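For reference, the structure is listed below as structure tokens.
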Amino acid sequence: MRTQVAIIGAGPSGLLLGALLAKAGIANVIVEQRSADYVLGRIRAGVLEQTTVDLLDAAGVGSRMHREGLPHDGVELCFGGERHRIDLHGLTGKRVMVYGQTEVTRDLMDARTAAGLPIVYEADDVRVHGFDGSTPHVTWRAGGVEQRLDADFIAGCDGFHGVCRASVPTEAIQLHERVYPFGWLGLLADVPPVHHELIYLNHERGFALCSQRSHTRSRYYLQCSLDDKVEQWSDDAFWAELKRRLPPATAAELTTGPSLEKSIAPLRSFVAEPMRFGRLFLAGDAAHIVPPTGAKGLNLAASDVGFLWQALDEHYRGSAGGLDGYSERALHRIWKAERFSWWLTSLMHRFPDGGSFGAKMQQAELEYLVSSQAAMTTLAENYVGLPMK
Ligand code: RFL
Ligand code: PHB
């Protein structure tokens with residue numbers, strides 16, 4: 001089998017890249033190690049920046065998102081038991097779209113199937129070869145039989161634990177990492193959201209987040225210990241802890257119900273540099289991770305893919321500049337989102353070694369933040385997403 005671009009991974013990065021390349025007439029094959037149902041079962045992001053919405057539109061998969069997604073003009077910060085609204089739209093002229101990663105993935109998968117574009121699921125032992133020379137190719141096993149795909153380029157869209165970054169010689173790559181001393185326990189339930197906008201809470205018992213997927217489906221998170229196991233958290237224990245962290249008037253409005261899903265995610269900041277190795281390009285979580293506090297992971301994956309799509313399109317139109325500039329262009333935006341996610345995480349969570357001084361510093365910064373137009377604008381500009389330059 002031969003194609004122009006071999007894409008490893010059918011998460012949002014791989015599927016979006018495949019859709020955009022196909023629109024530009026560039027042939028591609030996606031190779032994914034899991035089943036489609038497994039990929040759709042992962043509950044992750046919920047907030048899309050305008051740049052992500054624009055890329056989904058460019059890929060021709062935006063219609064259900066515009067029908068069912070919820071545009072949000074603001075977001076709330078809660079500390080000291082009081083809620084404060086940040087007027088995202090008033091401060092920046094932009095808004096965000098609340099539409100789940102599961103739905104984005106489903107729309108991209110459905111469009112790919114409808115267009116009859118090739119995608120291989122349940123590929124075993126995927127390996128990438130020859131990307132430092134002129135014969136890049138991918139091998140895997142299907143039903144015990146070895147398969148081979150030759151390509152002009154390989155796009156590593158295979159997430160943090162993927163094979164692409166791991167195949168790069170260690171001396172060719174630089175890694176930067178911070179692991180945080182807590183996790184997020186998430187719960188999804190078919191109950192109406194406690195508020196029509198998201199609420200990020202700083203509380204002495206730990207961070208909490210009130211998010212949503214629709215008017216009838218809520219997503220809540222609690223800062224938890226890295227030692228916690230999801231089985232130790234009954235639904236009742238989750239709801240009771242969330243109520244303790246919400247201001248009493250908000251807790252009184254909370255509708256609880258049985259969970260559809262509960263999981264614990266560790267928090268990490270991570271960047272691999274550069275993002276190009278000969279004919280292999282990394283995109284999305286394969287190259288970087290942000291803690292979810294700033295809602296940036298999926299959005300960064302989308303902007304990487306936007307840059308890579310433009311670079312490959314330029315290449316196939318006869319200009320080499322785009323491919324050479326991909327890594328630097330993408331990393332420029334990534335580091336700014338890394339900074340924002342690290343800052344918001346540091347501001348909103350209880351750190352085991354923070355002590356009373358740490359808590360006072362957070363309180364002083366939060367009080368300043370919600371009283372300063374300049375500080376709120378800085379937060380809002382980053383939250384709605386910096387431009388793709
Ligand atoms: P993914 O989604 O991990 O997809 C990678 C795909 O590659 C496959 N794969 C392989 N395939 C073939 N061969 C191999 N050897 C392979 N190894 C792996 C995997 O099976 C998978 O299908 O990476 P991608 O596409 O780069 O997308 C990144 C996003 O998923 C991620 O950044 C976001 O989910 C992060 N994130 C959030 N991002 C936001 O923008 N806004 C949010 O509100 C937000 N909330 C979140 C989040 C992530 C969370 N968790 C659980 C980490 C909330 C949470 C709780
Ligand atoms: C989510 O709805 O899953 C979500 C929203 C905002 C975040 C992180 C996660 O910052």
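Summary table below
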{"read-out": "Filter pass, Arg42 being closer than 23 Å to Phe160 by Cα, in contact (Cβ under 8 Å) with a residue 40 or more places away in the chain, away from ligand 2 (no atom under 14 Å from the Cβ) and not in a strand (DSSP E or B)", "value": "no"}
{"read-out": "First in the range 1-24 and in contact (Cβ under 8 Å) with a residue 24 or more places away in the chain, second anywhere and part of a strand (DSSP E or B) and aromatic (Phe, Trp, Tyr), Cβ under 8 Å, 6 or more apart", "value": "Gln4/Phe153; Val5/Phe153; Ala6/Phe153"}
{"read-out": "Elements of type helices (runs of 4 or more DSSP H) contained in the range 321-389, each with 2 or more residues being crowded, with 20+ Cβ neighbours inside 10 Å", "value": "321-348, 373-384"}
{"read-out": "Count - residues of the range 275-325 that are within 8 Å of ligand 1 (Cβ to nearest atom) and within 20 Å of Gly130 (Cβ to Cβ)", "value": "2"}
{"read-out": "Answer residue from the range 24-67, given it is more than 15 Å from ligand 1 (Cβ to nearest atom) and in contact with a helix residue (DSSP H, G or I) (Cβ under 7 Å, 6 or more places away or on another chain) and is farthest from Asp313 (Cα to Cα) among those", "value": "Arg64"}
{"read-out": "Residues being of a type outside the set (A, V, I, L, M, F, W, C), more than 12 Å from ligand 2 (Cβ to nearest atom) and assigned to a loop (DSSP other than H, G, I, E, B) - total across the range 181-213", "value": "9"}
{"read-out": "Options Glu32, Glu49: the member that is within 16 Å of ligand 2 (Cβ to nearest atom), touching a residue at least 60 places away in the same chain (Cβ under 8 Å), surrounded by 19 or more Cβ atoms within 10 Å (Cβ to Cβ) and charged (D, E, K, R)", "value": "Glu49"}
{"read-out": "From the options Leu209, Leu222, Leu198, residue that is within 11 Å of ligand 1 (Cβ to nearest atom), out of contact with any Pro (no Cβ under 9 Å at 6 or more places or on another chain) and closer than 26 Å to Asp87 by Cα", "value": "Leu198"}
{"read-out": "Breaking point among (1) surrounded by 14 or more Cβ atoms within 10 Å (Cβ to Cβ); (2) over 25 Å from the mean Cα position of the chain (by Cα); (3) small (Gly, Ala, Ser), for Ala240", "value": "(1)"}
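Just so you know, all these numbers are worked out from the coordinates, no wet-lab data involved. Only a predicted model underlies this, so the values are computations on that prediction, with no experimental measurement involved. Using ideal geometry, Cβ is built from the backbone for each residue, glycine included, and neighbour counts are taken over all protein chains shown.
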